[in-house]
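Q: Next up is a structure, given as structure tokens.
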Amino acid sequence: AAARQHGAALPVLPLVDSVKRVGLDGRALAVDREGLFRAQTPQGARRELLVAAFAALGGPGSEWTDEAALLEAHGVTVATVPGDARNVKLTEPADLEAARAMAASEHGALRLDGDRDADTPRYGNATDRHPFGPGDGLLLGGLQVAGAPRLFGHSDGDVVLHAVADACLGAVGLGDLGRQFPASDPATSGADSAHLLRVVMERVSAEGWRPASADVSIVGARPRLGGKRLDAIREHLAQLLDVPLERIGVRASTGNLSGDDGYGLTISASALVGLVRR
């Protein structure tokens, strides 16, 4: 209806995460998120407006991140409508798994009715992102990547293990790493993320659950993660989670060389973890 009335429209969600601008020196500066929203898909537009915009500006080499940006550049006013947090954008393979898990949770573990669904598998989905900082010592999934700068963070900055830990905690309703290991606690400064994940596994176990599978997607322009490095990360995750290797998936992407990950300013990791009763 909004697209018919205004010519084009897109769903948006308020930006709830803190937003940082990372300088070339690796320092993070806070960005005021007032008035900032996350754009979702699908986006709607009158056909003739979209066709005209693509004809004028959508040729080879164009770098519009979505149809709304293309339409705006063509002079079309794009209206907004409230989005839905359950509307997961399918860009990376892990996004599809997250959507499947979310669909399953509608009738499963996240909507329990007495003990009827008590043994239904649970799924947690989480993403973590850190900017590059000074010094060497990059850690990804517990693997030290030689010659790559360290990620800036309160602990050791291992985005892979952080995403996996957050996914596990979320699946059993224990919040996230920030709640379990507050930054205000000096003991967590520079902490080994592998140790933090082991503690998380103990707390998940105390709730009566254990990991059954994990799927991780790493996004960043640098360093390039070839098969050997990804296999090493996969093997380490299997050990930490005590899960058979064939139930662990790890992949890497450059993020289409766009955004902070694609520009080499940050690395992000998304994890989908499945839990079953012990």
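Q: Do we find that Leu174 is farther than 15 Å from Leu161 by Cα and assigned by TED's automatic domain parsing to the domain that holds Gly133 in this structure?
A: yes
Q: Quick one: which residue in Gly147, Gly157, Gly142 is buried (at least 20 other Cβ atoms within 10 Å of the Cβ) and at pLDDT below 90? Lay out the reasoning, then the answer.
A: On the way: Gly147 fails: buried (at least 20 other Cβ atoms within 10 Å of the Cβ); Gly142 fails: at pLDDT below 90.
Being buried (at least 20 other Cβ atoms within 10 Å of the Cβ) and at pLDDT below 90 holds for just one of Gly147, Gly157, Gly142, which is Gly157.
Q: A further question on this structure: Return the residues of the stretch 237-278 that are in a helix (DSSP H, G or I) and either modelled with pLDDT under 95 or more than 29 Å from Thr120 (Cβ to Cβ) (or both); say none if nothing qualifies.
A: Scanning the stretch 237-278 gives Gly255, Asn256, Leu257, Gly259, Asp260, Asp261, Gly262.
Q: Counting only residues that are modelled with pLDDT of 85 or more, touching an Asp or Glu at 6+ places or on another chain (Cβ under 9 Å) and not hydroxyl-bearing (Ser, Thr, Tyr), which one in the stretch 108-132 is surrounded by the fewest Cβ atoms within 10 Å (Cβ to Cβ)?
A: The residue in question is Pro131.
Q: How many residues, within the stretch 188-206, are modelled with pLDDT of 95 or more and not in a helix (DSSP H, G or I)?
A: Going through the stretch 188-206 one residue at a time, the tally reaches 0.
Q: Can I ask one more? Determine which single condition Gly170 fails, assuming it passes every other condition in (1) within 17 Å of the chain's Cα centre (by Cα); (2) crowded, with 24+ Cβ neighbours inside 10 Å; (3) not aliphatic (A, V, I, L, M).
A: Result: Gly170 passes all but (2).
Q: Still on this structure, please answer the following. Out of Gly208, Gly259, report the one residue that is out of contact with any Leu (no Cβ under 8 Å at 6 or more places or on another chain) and touching a residue at least 40 places away in the same chain (Cβ under 8 Å).
A: Gly208
The values are calculated or read from the model by the stated rules, or taken from the named source; none is laboratory data. Everything quoted here is computed from the prediction, not taken from an experiment. Reconstructed Cβ throughout: ideal geometry from the backbone, glycine too, with neighbour counts over all protein chains shown.
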